[in-house]
Amino acid sequence: MSTVVGEMDHHDHHHAPTGISRWLFTTNHKDIGSLYLWFSFIMFLVGGSMAMVIRAELFQPGLQLVDPHFFNQMTTVHGLIMVFGAVMPAFTGLANWMIPMMIGAPDMALPRMNNWSFWILPFAFAILLASLFMEGGGPAFGWTFYAPLSTTYSGDSTALFVFSVHIMGISSIMGAINVIVTIMNMRAPGMTYMKMPLFVWTWFITAFLLIAVMPVLAGAVTMVLTDKYFGTSFFDAAGGGDPVMFQHIFWFFGHPEVYIMILPSFGIISAIIPAFSRKKLFGYASMVYATAAIAGLSFLVWAHHMFTTGMPVAAELFFMYCTMLISVPTGVKVFNWVATMWRGSMTFEVPMLFALAFVILFTIGGFSGLMLAITPIDFQYHDTYFVVAHFHYVLVSGAIFSIMAAAYYWLPKWTGHMYDTTLARWHFWTSLISVNVLFFPMHFAGLAGMPRRIPDYAVQFADINQIVSIGGFAFGLSQLIFLWVVIKCVRTGEKAPAKPWEGAEGLEWTVPSPAPYHTFETPPKVD
Amino acid sequence: MAEKHEKYYVPASSPWPIVGAIGLGLIAFGAGHTVIESSKEIDGWGAEVLLAGLAVIVVMLFGWFRDQINESMAGLYSAQLSASYRQGMSWFIFSEVMFFAAFFGALFYARFIAVEWLGGASNNAMTNEILWPGFEAMWPLTETPGGIESGSMGWFGLPLYNTIILIVSSVTCHFAHVSLEKNKRTPLKLWLGATIILGCIFLYLQGWEYVHAYNELGLTLDSGIYGNTFYMLTGFHGMHVTLGTLMLIVMFFRVLKGHFTPDNHFAFQATSWYWHFVDVVWVCLFIFVYIL
Amino acid sequence: MLFLFLLPSLFLRLALRCIRGQPRRKNERRRRVRTRLITALAAGLPLAASAQSQLNLTQGVTEVSNRVYDLHMTIFYICCVIGAIVFGAMFYSMWRHRKSKGYKPASFHENVKVEIAWTVIPFLILVGMAIPATSTLLAMEDTSEADVTVLVTGSQWKWHYKYLDRDVEYFSLLATPRQQIENRLDKGENYLLEVDRPLVIPTDTKVRFLITSDDVIHSWWVPDFAVKKDANPGFINEAWTKVDEPGIYRGQCAELCGKDHGFMPVVVIAKEPAEYQAWLDEQERMQREAKAEEQRLLAMSMSMDELMELGERVYLGNCAACHQPNGQGIPGVFPSLVGTEMMLNDINGHIDIVVNGKNGTAMQSFKNMLSLREIAAVVTYERNAWGNNTGDMVQAADVNAYVNE
Ligand code: HEA
Ligand code: HEA
Ligand code: CUA
Ligand SMILES: [Cu+2]
């Protein structure tokens, strides 16, 4: 059938196919991008609802709503859904929509595989979520599934968890291959590597990280599976293995994984800040090198999650030094953004607001990361709410905020409509305030000694937790405003021009809004 | 359409990806339930779902590749598209390398760290003294701290033959490729056939070795970390050889049908890369699992 | 930019005051004068200011914990300064260089010198941080020349302490009553931070902890000592402390270890060396006598009522966390004890599994945890409670056979 289609005349391409089969069979990068984005938003709501269960239980000391076993499932699945279901697919969705348009390509390099990557996800997450309803419940060993809690001592659903992670991994790897190949092979004539927008660059490097570490995660879950069900003893000292070996393998994946969740953000912010500062990005080349440096270093720092596991002191020192070093390239990025704003001509549209909040809040998260990197003090911080505060600052007010910024930046291009800016501003300000009420006090709870992953706590943490929970509910509700803005924008709204932002640069703004179903079928010329 | 070849071919739509996704979903679900059911010794339909998933994948592969072959034969593919395929395949192989890296990592960690520490090395003197008194670090680990004993695998004999077989098969595969590029069809068929036969012999011998290890050496999947890493590495390698051999067989039939030209044979090239990759993995295995 | 740090902390303190209506309980910890000064000086900075209200890192009672605390404050302040500069520049720019003020954009977008500077300067700052960090770490990891050694073993969900040079060992379990956790009673002051038998260590003595686990990974943490070490099954990690002040120090398990991870606190009492010695001698004597008593009691049998009463107590204290008070377990996680083959017909298997545990599952061996009488009682209880009604009675002597196997 495709043979026939291939022969079809140019004009027929301009109309998107309709009906459900459009979405099921599509090979169009924009359709697939939309699918990814909607999917990730739904997962964000699901994962967020689990966070609400967590916050409700922690509202007061004592056990009131859920039992500890279920609480652990909520924590675990919240982490898994947010990481693999919300943030990663959102970035892949953005990559799908924007990368071909940014480099002047007609589509992704491997369009059919692209669709396959997406459609695996609903199945993977359906299996994961369904396991919550099994006898004995779903995974309850933390998103890090340390052995032997996840092997010998885990519930029946572990096998389902393992296989669903396997297929999520397959999806990510295929998605990443597609991105890399598209970037290497599909750039319009004249679009040299050093002319690519930073979003493309950061995704290029992210995709490399993904291909390098997702298979390692697959290896880790495979060993968990065989240890639990087939009598191997990778993580069992009696057979000559070591439970800490699991952590090494997991974090060899896990640390690059957290940068997978932030590098594309850096790309987004590097697009938005220059646009609303009306000034070229400061230090383009150093941004590229810094991204590469972060990615490179990310393979050398994994054991900073494992300082308390009793590694020899030489290893602790090595991992501490390498981890601290990451602050340098990350700092370069932050400084470049500030220098871009410096003596620009700034306006504060919603994408810019989110981008500015990102810079500040991400940096705060980075600072707490640096504090965690110092081994002797990490002994005190480790596995407390200080860590929880750290990673939510970089993930929620980092990754999620950048995704929001991206959505507000490109929504006019996607839908052809301007969104309701008043509502969007409401979304921003309520989010900004509540996210800090939510996560800032967690630092205090952690420092004062509250461990993470507990359903109940000592009375001296009661006040802090109450405030945090209130912030949590407020932040959750604020996200419903976002849903409202998006739906409204898809259906109605003022007609958006091809380039709604005065200072924006890039090929995506040269096509009309909404972007036609097919763009750049003949490659544009890049000076 | 004069400029057809200038344009990048984007298929309008395709049912195969979603079929593939359903297949993978069934496989994951079915495999999970199969494992659970067998571990609890209860009846269920896990295995049926798993098989259904595999069947769906097979159908998907046939359909998808049929479409692609037709497109390719219809001349829709440009050099740029083949470049995409080639690059995609290389990155896929890279991901496979990283998958094996996880298990090699486990092997090195177990051998140089875990077992040594259980034997009291580094900062673990007390580990040995209190928890595993009398345990001595050794590799191959023929007696685990928990007291399971097993034999170990030498490198001479079968493993060595297998190494030679695989290396030779890599060479024959390369000759086949060269023949194809020179459009010499008969040598192509012969070299390709030889490669397939060598692959099958390898698999047969590997199976034979497993039987020997299980029955005579007492080296099993659950006999401790030495057996674990041995079987996981060689097992996953064996699965890859099986897949590679199947791919070679498909290529053989396509060659018989007259597919491929000296400058349009991506599928063949991908298969041969895959075969070389499998070969390189084996050489690493031979060195790190068998010899050292 | 300070407001970014200040605002939440102000908010927090206000909120705290509103909610509690009274100043916080004085803590018994020693505070060094120097820190007081810093705290007073830096009252604007929330973490320092909040030291008094227990919102900052625990300063602790050992030399090491104080060094850790100082390092924490140092790095925190450095981050504040960097933050102030970066956010300051940013806000200044947002204020001055805005379009609404008619500001025209400049066109520079590169400056190698500046870029080198802000690569090198942070690097140097990091080197400055790494030096004290390294020396502190080296001090913390030096477990040599300890005078007392305690073997600390975590298991789901309790700690076991064993004094290696003496004949003393015991389990330490959460002491908070179930009713408090379930909100049926008011929560006490040390809610979830209290145990039945704390670890006792001498002051002014280097105490070495050998930390391991029986099942999953736990982590033994006492903030006041700045000691947190994972308890890995099959391996032994070492840590040490030297406490200056007698007192009660509380901590918690700090690694997710399953359902009751939140309910396995650590309590350590530091006593003057002489007092400690006396306590240890007393313990040794008591444990020896208890063992002798147990052997003596082997010959005696208990009545069904006695067995059931003791059994119920033991069951609720040790078994109900998994198998649930009603014996039904949690399907798919912890097996039910009601009406199963083993409960009704396999008395030997039943005693065996309680005494020796079942390998590869969460069912651990109770032979070191419970006395023979207690095991006999709990097995009897399980065989007769919840409608199991087998009428079987098990006596200490029956259990003894399995222990000495
Ligand atoms: C997007 C995700 C993301 C990002 C970007 C980061 C960034 C960093 N993280 Fe974080 N981290 C997580 C996600 C992330 N982390 C998660 C999810 C966990 C917990 C996992 C779990 O256990 O469940 C975690 C846990 C974690 C730990 C383990 C804590 C513990 O469990 O004990 C550590 C320890 O070193 C750490 C360190 C760092 C560091 C040093 C950075 C650095 O990259 C930060 C660098 C940035 C800056 C420093 C700010 C900007 C720089 C300047 C303005 C320049 C000048 C600055 C100086 C010279 C100081 N992280
Ligand atoms: C990108 C990743 C990401 C994101 C976005 C979030 C978002 C949030 N996270 Fe989470 N979190 C993690 C990644 C993430 N988290 C990880 C990796 C862990 C570690 C897990 C582990 O320990 O294994 C963790 C753990 C974690 C904990 C610690 C649990 C524990 O240790 O026991 C807590 C506790 O407060 C928490 C809270 C929240 C909250 C309140 C949000 C909020 O931002 C969520 C806001 C969104 C919504 C609420 C959804 C939208 C609204 C609705 C659907 C309407 C209904 C709303 C109401 C009823 C108010 N998270
Ligand atoms: Cu033991 Cu957590
Ligand atoms: Cu990390």
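Read-outs throughout are calculated quantities, based only on the coordinates presented, and are distinct from any laboratory measurement. All figures in this text were calculated on a predicted structure; none of them were measured in a lab. No Cβ is skipped: glycine too gets one built from the backbone with ideal geometry, and neighbour counts run over all protein chains shown.
Table for the structure above
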read-out	value
Translational diffusion coefficient (Stokes-Einstein; Kirkwood radius from C-alpha pairs) of segment C:134-210 at 4 °C, 1.567 mPa s, in µm²/s	87 µm²/s
Spin-label model distance (nm) - B:ILE197 vs C:GLU169, 7 Å beyond Cα toward Cβ	6.6 nm
Backbone N within segment C:366-405 under 19 Å of label point (7 Å from C:LEU344 Cα along the Cβ vector)	C:380-393
Chain B: most fluctuating residue of B:MET232, B:MET247, B:MET60 per GNM, C-alpha cutoff 10 Å	B:MET60
For segment C:65-211: rounded, prolate or oblate by the Cα gyration tensor [a/c cutoff 1.5]	oblate
Chain A - mean residue ellipticity at 222 nm from DSSP helices (-39,500 (n - 2.57) per run, n ≥ 4, rounded to 500)	-21500 deg cm²/dmol
Spin-label proximity, C:GLU145 to segment C:236-268 - amide N less than 18 Å from point 7 Å beyond Cα toward beta carbon	C:239-244
Translational diffusion coefficient (Stokes-Einstein; Kirkwood radius from C-alpha pairs) of segment B:15-76 at 20 °C, 1.002 mPa s, in µm²/s	170 µm²/s
Rounded to whole Hz, the Karplus (6.51, -1.76, 1.60) HN-Hα couplings of segment A:104-115, x for glycine and proline	x, 9, x, 5, 6, 5, 10, x, 5, 4, 4, 5
Karplus (6.51, -1.76, 1.60) ³J(HN,Hα), θ = phi - 60°, over segment B:176-184, in Hz, Gly and Pro reported as x	4, 4, 4, 4, 5, 5, 8, 6, 9
Cα principal axis extents for chain A, largest first, Å	66, 54, 45
Proximal lysines relative to C:LYS187, as straight alpha-carbon distance under 22 Å, when same-chain residues fewer than 8 apart are discounted	C:LYS26, C:LYS158, C:LYS259
log10 of Debye I(q)/I(0), alpha-carbon scatterers only, for segment C:216-292 at 0.20, 0.23 Å⁻¹	-0.98, -1.03
Reach of A:LYS279 by Cα under 17 Å, taken over aspartates and glutamates that are not fewer than 8 positions away in the same chain	A:GLU349, A:GLU502, A:GLU505, C:GLU110
Residue-averaged beta-carbon neighbours from other chains (10 angstrom radius) around A:333-343	6
For A:GLU349, residues with placed amide H under 5 Å, excluding near neighbours	none
Cut-off under 5 Å, modelled amide H: who pairs with A:GLY142 long-range	A:THR76
Fraction in percent of alpha-carbon pairs per bin - 10 Å, chain C	4, 16, 23, 21, 15, 10, 6, 3, 1, 0
Debye intensity ratio in log₁₀ form over the Cα atoms of the protein assembly as shown, taken at each q of 0.06, 0.09, 0.10 Å⁻¹	-0.54, -1.21, -1.45
Number of partner chain Cβ atoms within 10 Å, mean per residue of B:169-182	0
For segment B:1-143: rounded, prolate or oblate by the Cα gyration tensor [a/c cutoff 1.5]	oblate
Per-residue average of Cβ from other chains inside 10 Å of A:134-141	3
Segment A:370-527 - convex hull of alpha carbons, volume per residue in Å³	163 Å³
For segment A:250-256, 3J(HN,Hα) per residue [Karplus equation, 6.51 cos²θ - 1.76 cosθ + 1.60, θ = phi - 60°, Hz, x = Gly/Pro]	4, 6, 4, 6, x, 5, x
Within chain C, helix-based [θ] at 222 nm, where runs of 4 or more DSSP H residues each add -39,500 (n - 2.57), nearest 500	-14000 deg cm²/dmol
Three principal axis lengths of segment B:222-292 [C-alpha, angstrom, descending]	50, 20, 13
Long-range HN-HN contacts of C:TRP159 with modeled amide H, under 5 Å	C:SER172
Anisotropy class of segment C:307-405 from Cα gyration tensor, a/c 1.5 cut	rounded
Rg/Rh ratio calculated on Cα atoms of segment C:148-294 (Kirkwood radius)	0.97
Separation in nanometres of the label points that stand 7 Å from Cα toward Cβ, at A:ALA314 and C:SER135	2.3 nm
